[in-house]
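*Asks:* Have a look at the structure that comes next, please.
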Amino acid sequence: MALNFDFNRFHPSPYIRRPNRLQFQDLPNPFLLQGFEYYVVIDFEATCDKERNLHPQEIIEFPSVVVSGVSGEIIACFQTYVRPTFDPLLTDFCKELTGIQQHQVDNGITLGEALYFHDKWLLQMGLNNTNFSVVTWSDWDCQVMLESECRIKKIQKPAYFNQWINLRVPFSKVFGDVRCNLKEAVELTGLIWQGRVHCGLDDAINIARLLSVIMRRGFKFSITKSLTPQANPNCLTWNRHHFLEPQAMYTPPHTSLIHEFEDCRYCYCGAKSIKKVIQRPGPKRGSFFFGCGNWTPNRGACCNYFQWATTS
């Protein structure tokens, strides 16, 4: 079955344009330092609730902004809404926080389809796996959100999402190690925030503007975080020139998915979980369970993953 997709469904933006390429010799010296021809800024929005932690969280807005590594100019924008399958109904808190409404995700596409169309869009823009870097504000988007959802739904994501630039790192080096959120960081540079906070596309555009400011300070960007690709025979092999039918791009939710590999489970943040035993006195003492693999004594667990082990 062929899938027909209307690219006009993407959010209209004044930045959807492609200017003439500038020559390196026509630009000031700071721009000569960059190792990437393009930067692809992403900022996912996901299902959430104020009263309880949703597990797994699911991406509901997939925005992307392409920035020229030569001029620092925003070249084009991509946005599509993504239909959640584990928790299809958005909470009131989520709708108020993100501005995303139920009908928008109901009419959205699956995450597998969003990854495909985004990849196809990058290809049409002239981007390939070697001439750009993904950029985020924090490690959450790629290390936690996309990695965990693709793992749970058995989606093989494009390899370029396995490494990225967390813009918090260069921001701290250029403007000082200050604790601030994205809006505060943008305003700290002298820029005026544009759009709605927690609108994924607006956030991505503001991250792109912040990236351009740091670029103009002469900072040379480099990868700040990488993931080791996890071999999973149940995942589909990614091929940007071939698209499987959309219903094959994800696995329908079912509770037994997390029990497939008793000694090799992955928590919501994408790390290999840790098998532990309850030592506190009580009826569960001596019982084994799996907890978050991103646990350290200083910061605790990265996510609230918890599953009982069926054997010791």
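The values are calculated or read from the model by the stated rules, or taken from the named source; none is laboratory data. Predicted model only: the values in this text are computed from it and were never measured. Here the Cβ positions follow ideal geometry from the backbone for every residue, glycine too, while neighbour counts run over all protein chains shown. What goes into the accessible areas is simple: the full protein's heavy atoms, side chains included, and nothing from ligands, DNA or RNA. Shrake-Rupley method; radii C 1.70, N 1.55, O 1.52, S 1.80 Å.
*Asks:* Could you pull out every one of the helices (runs of 4 or more DSSP H) wholly within the stretch 67-156 that has 3 or more residues that are of a type in the set (A, V, I, L, M) and either touching a helix residue (DSSP H, G or I) at 6+ places or on another chain (Cβ under 9 Å) or within 26 Å of Ser226 (Cα to Cα) (or both)?
*Replies:* Numbers: elements: 92-98, 102-106, 111-124, 147-152.
Fully inside the stretch 67-156 and qualifying: 111-124.
*Asks:* Now for a separate question. Of all residues being in contact (Cβ under 8 Å) with a residue 60 or more places away in the chain and of a type in the set (S, T, N, Q) in the stretch 45-80, which is surrounded by the most Cβ atoms within 10 Å (Cβ to Cβ)? Just the residue, please. Can you show your working first?
*Replies:* Going through the stretch 45-80, the residues in contact (Cβ under 8 Å) with a residue 60 or more places away in the chain turn out to be 45-46, 53, 55-59, 61-67, 69, 72-80.
This time we only want the ones that are of a type in the set (S, T, N, Q), so: 53, 57, 64, 79-80.
Numbers: Asn53: 10, Gln57: 22, Ser64: 24, Gln79: 22, Thr80: 22.
Among them, the one singled out is Ser64.
*Asks:* Take the stretch 212-228 and flag every residue that is under 17 Å from the mean Cα position of the chain (by Cα) and crowded, with 17+ Cβ neighbours inside 10 Å.
*Replies:* Residues of the stretch 212-228 that are under 17 Å from the mean Cα position of the chain (by Cα), as a first pass: 223-228.
The answer is Thr224, Leu227.
*Asks:* Here is a further query. Applying the selection to the stretch 38-57, what residues are within 16 Å of Pro88 (Cα to Cα) and in contact with a Pro (Cβ under 7 Å, 6 or more places away or on another chain)?
*Replies:* Thr47
*Asks:* Consider Ile75 carefully, then state whether it is of a type in the set (Val, Ile, Thr) and within 19 Å of the chain's Cα centre (by Cα). I'd like the intermediate steps shown before the answer.
*Replies:* Details: of a type in the set (Val, Ile, Thr): yes; within 19 Å of the chain's Cα centre (by Cα): no.
The answer is no for Ile75.
*Asks:* So how many residues does the stretch 157-178 have that are part of a helix (DSSP H, G or I) and within 17 Å of Val134 (Cβ to Cβ)?
*Replies:* Going through the stretch 157-178, the residues part of a helix (DSSP H, G or I) turn out to be 159-162, 168-175.
Subset that is within 17 Å of Val134 (Cβ to Cβ): 159-162, 168-171.
Total meeting the criteria: 8.
*Asks:* Okay, next question. For residues in the stretch 114-146 being charged (D, E, K, R) and surrounded by fewer than 22 Cβ atoms within 10 Å (Cβ to Cβ), which is nearest to the chain's Cα centre (by Cα)?
*Replies:* Taking the stretch 114-146 as the starting set, the residues that turn out to be charged (D, E, K, R) are 119-120, 139, 141.
Next cut, surrounded by fewer than 22 Cβ atoms within 10 Å (Cβ to Cβ) only: 119-120, 139.
On the way: Asp119: 14, Lys120: 17, Asp139: 8 Å.
It comes out as Asp139.
*Asks:* Quickly run through the stretch 96-113 and pick out the residues that are within 19 Å of the chain's Cα centre (by Cα) and not hydroxyl-bearing (Ser, Thr, Tyr). Let's see the steps before the verdict.
*Replies:* Residues of the stretch 96-113 that are within 19 Å of the chain's Cα centre (by Cα), as a first pass: 97-100, 105, 108-113.
The answer is Leu97, Gly99, Ile100, Val105, Gly108, Ile109, Leu111, Gly112, Glu113.
*Asks:* Then there's this: Quick one: in the stretch 81-102, which of the residues that are at pLDDT 95 or above and aromatic (Phe, Trp, Tyr) is surrounded by the fewest Cβ atoms within 10 Å (Cβ to Cβ)?
*Replies:* Per the criteria, the residue is Phe93.
*Asks:* Can you say whether Gly72 is modelled with pLDDT of 95 or more and on the phi > 0 side of the Ramachandran plot, as far as the supplied structure shows? Break it down stepwise before answering.
*Replies:* Details: modelled with pLDDT of 95 or more: no; on the phi > 0 side of the Ramachandran plot: yes.
So Gly72 fails the test.
*Asks:* Do we find a residue being open to solvent by 50 Å² or more (accessible area, probe 1.4 Å), closer than 21 Å to Ser68 by Cα and modelled with pLDDT of 95 or more anywhere in the stretch 167-189? Quick ask: steps written out before the conclusion?
*Replies:* Taking the stretch 167-189 first, the residues open to solvent by 50 Å² or more (accessible area, probe 1.4 Å) are 168-169, 173, 177-179, 181, 183-184, 187-188.
Remaining after also requiring closer than 21 Å to Ser68 by Cα: 168-169.
Now narrow it down to the ones that are modelled with pLDDT of 95 or more: 168-169.
For the stretch 167-189, residues open to solvent by 50 Å² or more (accessible area, probe 1.4 Å), closer than 21 Å to Ser68 by Cα and modelled with pLDDT of 95 or more: present.
*Asks:* Just to be sure, is Lys183 under 21 Å from Ile74 (Cβ atoms) and of a type in the set (Lys, Arg)? Can you show your working first?
*Replies:* Working: under 21 Å from Ile74 (Cβ atoms): yes; of a type in the set (Lys, Arg): yes.
Taking the combined requirement at face value, the residue satisfies it.
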